[in-house]
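Engineer: Handing you this structure, nothing more for now.
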Amino acid sequence: MHRQHTLKSLKTIAKKYTGRREFSLKDPGAYKTACRKGVLDSICQHMIKTYPVKHSSEYLLAELKKYKRLSELREQAPRMYQHLWKRFGKEIFDGIRRAK
């Protein structure tokens, strides 16, 4: 059953959440409606803004050494896995695969 959202109801729903990601995951219908109506920015003004963290290459490589298997890294630190992949490509994982 679809709910009919007004600006007021969308504001009320958005106030339950501290960030857009949480909002989109916990009430995707309301989030999509807010996007479609073009009111997302106005109803999310109270939310904390987060920005991607830029890690140094040294930090990323030190973190990589903590994992024995690639599957461990992917499961326990998926964002770290993505950062490593984007920055260094698949060659960075050759060492971790062999260290079984």
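Engineer: Are any of the residues in the stretch 41-49 among the polar types (S, T, N, Q) and assigned to a loop (DSSP other than H, G, I, E, B)?
Structural biologist: First, the residues of the stretch 41-49 that are among the polar types (S, T, N, Q): 42, 45.
Checking the rest, the ones that are also assigned to a loop (DSSP other than H, G, I, E, B) come to 45.
There is at least one residue in the stretch 41-49 that is among the polar types (S, T, N, Q) and assigned to a loop (DSSP other than H, G, I, E, B).
Engineer: Among (1) over 16 Å from the mean Cα position of the chain (by Cα); (2) aromatic (Phe, Trp, Tyr); (3) in a helix (DSSP H, G or I), which single condition is TYR81 missing?
Structural biologist: (1)
Engineer: While we're here: Just checking, how many residues over the stretch 7-19 are among the β-branched types (Val, Ile, Thr) and at pLDDT 95 or above?
Structural biologist: We begin by selecting, within the stretch 7-19, every residue among the β-branched types (Val, Ile, Thr); these are 12-13, 18.
From what is left, the residues that are at pLDDT 95 or above are 12-13.
The number of residues fulfilling the criteria is 2.
Engineer: For the stretch 14-36, how many residues meet the condition of being of a type in the set (Ser, Thr, Tyr) and either within 15 Å of ARG3 (Cβ to Cβ) or touching a Ser or Thr at 6+ places or on another chain (Cβ under 6 Å) (or both)?
Structural biologist: To start, the set of residues in the stretch 14-36 that are of a type in the set (Ser, Thr, Tyr) comprises 17-18, 24, 31, 33.
So of that shortlist, the ones also either within 15 Å of ARG3 (Cβ to Cβ) or touching a Ser or Thr at 6+ places or on another chain (Cβ under 6 Å) (or both) come out as 31, 33.
Residues in the stretch 14-36 being of a type in the set (Ser, Thr, Tyr) and either within 15 Å of ARG3 (Cβ to Cβ) or touching a Ser or Thr at 6+ places or on another chain (Cβ under 6 Å) (or both): 2 in total.
Engineer: So in the stretch 50-78, with the set limited to residues that are more than 30 Å from LYS15 (Cα to Cα) and not in a helix (DSSP H, G or I), which one is modelled with the lowest pLDDT?
Structural biologist: First pass over the stretch 50-78, keeping only residues more than 30 Å from LYS15 (Cα to Cα): 55-76.
Now drop any that are not not in a helix (DSSP H, G or I), which leaves 55-56, 65-69.
On the way: HIS55: 71, SER56: 78, LYS65: 83, LYS66: 85, TYR67: 83, LYS68: 81, ARG69: 81.
By that ranking, first place goes to HIS55.
The values are calculated or read from the model by the stated rules, or taken from the named source; none is laboratory data. Here the structure is a predicted model, which means the values were calculated and not measured. Because the Cβ atoms are built from the backbone with ideal geometry, glycine has one as well, and the counts that use them run over all protein chains shown.
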